[in-house]
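Structure first, then comments.
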């Protein structure tokens with residue numbers, strides 16, 4: 001659910017929204033990415049922890065990276081792809097767990 005929320009927020013960055021929304025997205029990705037990294041660590045999913053950690057570093061509002069808008073849009077596309085992969089892996093794992101419960 002966290003990945004889907006972050007995906008929607010990042011997808012909205014492609015519209016011409018005020019800078020305050022971008023700051024909101026930075027905090028949301030920071031909190032969601034930390035949460036995901038902790039959850040993925042618990043399930044020993046190293047690649048997912050790495051992807052989540054990279055997102056946290058890139059969207060870090062405390063020590064922000066400074067790119068122009070076109071570079072951020074390219075990074076947003078990459079992050080959306082990463083979130084799509086993480087979400088599909090999460091759903092795949094849930095299906096496997098649900099089948100084993102039956």
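Read-outs: derived from the displayed coordinates by stated rules, not from any lab. Everything numeric in this text was worked out from a predicted model, so none of it was measured. All Cβ positions, glycine included, derive from the backbone under ideal geometry; neighbour counts span all protein chains shown.
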For the chain, longest principal axis from Cα atoms; helix 69-101 axis from its Cα atoms; angle between them, nearest 10 degrees, is 10 degrees
Here the Cα Rg-to-2.2 N^0.38 Å ratio for the chain is 1.14
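With a Förster radius of 25 Å, plug the Cβ-Cβ distance of residue 65 and residue 38 into 1/(1 + (r/R0)^6) and report the FRET value to the nearest 0.05.
On the way: r = 23 Å, r/R0 = 0.91.
Using R0 = 25 Å, I get an efficiency of 0.65.
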For the chain, averaging the sequence separation of alpha carbon pairs under 8 Å that lie six or more residues apart and dividing by its residue count, the contact order in percent is 33 percent
